1. All but one of (1) touching a strand residue (DSSP E or B) at 6+ places or on another chain (Cβ under 9 Å); (2) in contact (Cβ under 8 Å) with a residue 12 or more places away in the chain hold for residue 144, so report the exception by its number.
2. All but one of (1) open to solvent by 80 Å² or more (accessible area, probe 1.4 Å); (2) polar (S, T, N, Q); (3) in contact with a helix residue (DSSP H, G or I) (Cβ under 8 Å, 6 or more places away or on another chain) hold for residue 198; state the number of the condition that does not hold.
3. Is it fair to say residue 63 is among the polar types (S, T, N, Q), under 29 Å from residue 172 (Cα atoms) and either open to solvent by less than 40 Å² (accessible area, probe 1.4 Å) or not assigned by the TED database to the domain that holds residue 161 (or both)?
4. Here is a check on your reading of the model: is residue 53 in a helix (DSSP H, G or I) and either open to solvent by less than 70 Å² (accessible area, probe 1.4 Å) or in contact (Cβ under 8 Å) with a residue 24 or more places away in the chain (or both)?
5. Given the criterion in contact (Cβ under 8 Å) with a residue 24 or more places away in the chain and not assigned by the TED database to the domain that holds residue 28, identify the matching residue among 87, 114, 109.
Amino acid sequence: MRWQEVALPLVVIVTLLFLKHIPMTAGLPLARAAGVVAFGYAAFLALRLVQGEEAASVDGWSQLRPSMVEYFACYGAAALAVVLMGAVVFIGGTRVVDPTQMIAAFIAAVLLGAGALGIGLGGLFTKIRWNHTQLEHKTALGRETVLAWSDVRSVRPNWRGITIATHDARRITFSQFHSGAAQLATHATTRARRNTETATKAFAAL
């Protein structure tokens, strides 16, 4: 696990509890929202522990697979977004509700929906596979990128996951939550180190 995976939910929970004591937002069910975040994080930790470290082998290729963490995050966020938006539409149309609560529910629904869409496009519906010579990445929109292992120069973590880059600035980013992500990161790091050593020796021989 990376430190961001621990810091982010803690920051969200502390922020919600802090907002609970501000008069303008005191009427919102922020304590309940903090409880939902805590429950979701507990489920995330449980699923993270059972995440597969090995990639799937298909026809001579190693392939990343979406993990239960990503399925839970994507479909869980989508379900919460639907529930909140339904509350905004149906309850707001039949009862007199505090406008602040309605606006907060609408914003939360939009953010959850956007998060579910981002996880789906960036994780569930992408395809990443590799063999001994190259790495292939196909996005949910059909864009395909192919990197030769001999061109790989760096492997770096970032907020989106892990990025594998070549000397000519081509790059592939994949989620650290994929099953097999650790295996791919290790393999790419080894390849990058070997390529750097080979380039250094070739330069020294000139």
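1. (2)
2. (3)
3. yes
4. Values: in a helix (DSSP H, G or I): no; either open to solvent by less than 70 Å² (accessible area, probe 1.4 Å) or in contact (Cβ under 8 Å) with a residue 24 or more places away in the chain (or both): yes.
In short, no.
5. Numbers: 87 fails: in contact (Cβ under 8 Å) with a residue 24 or more places away in the chain; 114 fails: in contact (Cβ under 8 Å) with a residue 24 or more places away in the chain.
After applying the criteria, what remains is 109.
The values are calculated or read from the model by the stated rules, or taken from the named source; none is laboratory data. Just so we're clear, the structure is a prediction, and the values are computed from it rather than from any experiment. Cβ sites come from the backbone with ideal geometry, for glycine too, and all protein chains shown count toward neighbours. SASA here: full protein model, heavy atoms, side chains in, ligands and nucleic acids out. Shrake-Rupley method; radii C 1.70, N 1.55, O 1.52, S 1.80 Å.
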